[in-house]
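Remarks on the structure that follows.
The values are calculated or read from the model by the stated rules, or taken from the named source; none is laboratory data. Everything numeric here is computed off the predicted structure, so don't read it as measured data. Cβ placement follows ideal geometry from the backbone for every residue including glycine, while neighbour counts extend to all protein chains displayed.
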Amino acid sequence: MAHHLAPYGSEVYKIEEDQYNLSKIQMETNAKQIIVGGRNAIESFTAMSKDIHGNIYNPALKLIHVVFPG
């Protein structure tokens, strides 16, 4: 775990908060129901365009999320 003094720490927090909010929006709009191993699941994805240091991913990093309800 890294500790940063302000304002850098607040900048890192803001980047992470933006990524989190973006992933929530994408999960809500891109989620679909799938079947994995005979069980219902929800699949969604998040695309990250930069890391917490502001370095740009080219191409963007795509994370696929598979969630098994209850």
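Residues in region 36-47 that are modelled with pLDDT of 85 or more and small (Gly, Ala, Ser): 37, 38, 41. So which of 61, 22, 5 is at pLDDT below 85, surrounded by 10 or more Cβ atoms within 10 Å (Cβ to Cβ) and either not charged (D, E, K, R) or not in a loop (DSSP other than H, G, I, E, B) (or both)? Exactly one residue qualifies, and that residue is 22.
Is it true that residue 50 is in contact with a helix residue (DSSP H, G or I) (Cβ under 8 Å, 6 or more places away or on another chain) and either on the phi > 0 side of the Ramachandran plot or modelled with pLDDT of 80 or more (or both)? Here the answer is yes, as residue 50 does meet what is asked. Residues that are over 15 Å from the mean Cα position of the chain (by Cα) and not in a strand (DSSP E or B) were ranked within region 26-53; the one that is surrounded by the most Cβ atoms within 10 Å (Cβ to Cβ) is 53.
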